[in-house]
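Only one structure is covered here, and it is reproduced in the block below.
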Amino acid sequence: MKRSFDEDTRIHLNKEEGGPPGYDNGDFLRKWALHEDSTAFKVELDSKLIGMYIVWIFPNNENMLGTIFIDPEYQNQGLGLKIWKHIEQKYPNAKVWRTETPGFSKRNHNFYVNKCGFSIVKILNPGDMLDESYVLEKRY
């Protein structure tokens, strides 16, 4: 997780490190992956841990993708889209998927909008380089 978020920060902010609170010491995963209402999955390739994702599945089928990340060594190989398609197949009754991503992360915007079919529905803290956030939805 640390390598993935740090890579995004390097690419977009020209900083060596950065991510959500607790991304670098396990607190983020303990808080969200182990949350009683979430479901977390590790992603392996050839028996090697390369990433993970966290989802919230709600009775009304309006679900939340909390996070998805892949080790930078395995990025840009189509694996993110394969993971997303797996999530959609695993939860075929979804009416809506929602997620949020940093405003600076243009690579994430491209992934969610152009590859996965999400739409940007709101921009929080627009213009604030560090706190701007895009809220995205995919409706079926």
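The values are calculated or read from the model by the stated rules, or taken from the named source; none is laboratory data. What you see is a predicted model; the values in this text were computed from it and never measured. With ideal geometry, Cβ positions are generated from the backbone for all residues, glycine too; neighbour counts draw on all protein chains shown. Calculation scope for accessible area: heavy atoms of the full protein, side chains included, ligands and nucleic acids excluded. Shrake-Rupley method; radii C 1.70, N 1.55, O 1.52, S 1.80 Å.
Which ranges mark the strands (runs of 3 or more DSSP E) fully within the stretch 73-140 that have 1 or more residues being hydrophobic (A, V, I, L, M, F, W, C) and over 16 Å from Trp56 (Cα atoms)?
119-124
Can you list residue pairs whose Cβ atoms sit under 8 Å apart, with the first residue in the stretch 67-95 being among the small types (Gly, Ala, Ser) and the second being surrounded by fewer than 16 Cβ atoms within 10 Å (Cβ to Cβ)? Count only pairs 6 or more apart in sequence or on different chains.
Pairs that qualify, where the first residue is among the small types (Gly, Ala, Ser) and the partner is surrounded by fewer than 16 Cβ atoms within 10 Å (Cβ to Cβ), are Gly80/Lys115; Ala94/Asn61; Ala94/Glu62; Ala94/Glu88; Ala94/Tyr140.
Run down Gly80, Gly103 and say which single residue is open to solvent by less than 50 Å² (accessible area, probe 1.4 Å), small (Gly, Ala, Ser) and out of contact with any Lys or Arg (no Cβ under 8 Å at 6 or more places or on another chain).
Exactly one of Gly80, Gly103 is open to solvent by less than 50 Å² (accessible area, probe 1.4 Å), small (Gly, Ala, Ser) and out of contact with any Lys or Arg (no Cβ under 8 Å at 6 or more places or on another chain), namely Gly103.
Does the stretch 53-70 include one or more residues that are in contact with a Ser or Thr (Cβ under 7 Å, 6 or more places away or on another chain), in a loop (DSSP other than H, G, I, E, B), open to solvent by 60 Å² or more (accessible area, probe 1.4 Å) and of a type outside the set (Lys, Arg)?
yes
For the structure I just gave you, tell me whether Asp6 is open to solvent by 50 Å² or more (accessible area, probe 1.4 Å), farther than 18 Å from Gly78 by Cα and not small (Gly, Ala, Ser).
no
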